[in-house]
Amino acid sequence: MNIFLAILLIGAMIATLVALVRGVITFLKTTEADLMGEGVNQNGLKQNKAMQMRILFQGLAIIIIIILLMMKRG
């Protein structure tokens with residue numbers, strides 16, 4: 001079980017890193033026109049989605065760490 005959770009933890013950490021990199025790349029592609037435009041733009045939506053996924057994967061990794069610590073303790 002520990003090995004399975006460790007593999008899941010590594011997967012969650014890699015997914016977090018990928019989501020972070022995608023969000024930063026999307027952020028770097030923001031143009032001045034995007035910033036000055038009115039309303040919601042597609043680039044901003046992509047940034048938000050990437051950062052939401054990063055938070056989701058980070059939460060998953062934290063939950064897996066908590067489970068591993070509880071198993072080691074008990």
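Relative to the longest principal axis of the Cα atoms of the chain, helix 42-73 runs at roughly 10 degrees. Extension gain for the segment LEU28 to ALA6, taken as residue separation times 0.36 nm less the Cα-Cα distance, is 4.6 nm to one decimal.
Between the beta carbons of MET13 and LYS72, assuming R0 = 25 Å, the FRET efficiency works out to 0.85 to the nearest 0.05.
Excluding same-chain neighbours fewer than eight residues apart, the lysines reachable from LYS29 by a Cα-Cα span under 22 Å are LYS46, LYS49.
Relative contact order of the chain, taken over Cα pairs closer than 8 Å and 6 or more residues apart, is 48 percent. Using a simple spin-label model with pseudo-atoms 7 Å out from Cα toward Cβ, GLN52 and GLU38 lie 2.6 nm apart. The value given for the chain is a Kirkwood hydrodynamic radius of 13.9 Å, derived from the mean inverse Cα-Cα separation.
In the chain, taking the dipole from charged Cβ atoms about the Cα centre, the farthest positive-side position among LEU17, ASN2, GLY44 is held by ASN2.
Extension gain for LEU45 to VAL21 (0.36 nm times residue separation, less C-alpha to C-alpha distance): 7.1 nm.
Tally Lys/Arg at +1 and Asp/Glu at -1 over every other residue whose Cβ is under 14 Å from the Cβ of LYS46; what's the total? Net of charged neighbours comes to +3. As a proxy for reagent exposure, MET13, MET71 were ordered by neighbouring Cβ count within 10 angstrom, fewest first; the result is MET71, MET13. The long axis of helix 2-28 is offset from the longest Cα principal axis of the chain by roughly 10 degrees.
Read the figures in this text as sums done on the coordinates, not as results from a lab. What you are looking at is a predicted structure, and each value in this text was computed from that prediction instead of being measured. Here the Cβ is made from the backbone with ideal geometry for all residues, glycine too, and neighbour counts use every protein chain on show.
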